[in-house]
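Structure first, commentary second.
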Amino acid sequence: AVPRTRILATGGASHNKKILQVLSDVFNAPVYTIDTANSACLGSAYRAIHGLVAETNVSLADVVKLAPEPRLAVTPTTGAEEV
């Protein structure tokens, strides 16, 4: 089975529940957020860690397992896909 799509929203707009609801309804997918002040820096830091351990064949997925768990913010409105 193909995993269901989910959206991870970051940045300033991720604090606006109405914007997240529009994303969820348009893509018919749940939207998750992370409690991180600067997600771009966090992503860069994980890439840097991955680069440092590249010789050990550690995957980026294994490095990112240390990331904070995303929290469900909104789900699609029932019937939105019909609109």
Note to self: Between LEU42, LEU20, LEU8, which is among the aliphatic types (A, V, I, L, M) and more than 17 Å from LEU66 (Cα to Cα)?
What the structure shows: LEU20
Next item on the list: Check off (1) in contact with a helix residue (DSSP H, G or I) (Cβ under 8 Å, 6 or more places away or on another chain); (2) modelled with pLDDT of 85 or more for LEU23 and give me the number that stays unchecked.
Entry: (1)
Notebook entry, point to check: Tally time: how many residues in segment 28-76 are in contact with a strand residue (DSSP E or B) (Cβ under 6 Å, 6 or more places away or on another chain) and among the aromatic types (Phe, Trp, Tyr)?
Noted result: 1
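The values are calculated or read from the model by the stated rules, or taken from the named source; none is laboratory data. Note that the coordinates shown come from a computational prediction; the quantities given were computed from them, not determined experimentally. Positions of Cβ are backbone-derived with ideal geometry, glycine not excepted, and every protein chain shown enters the neighbour counts.
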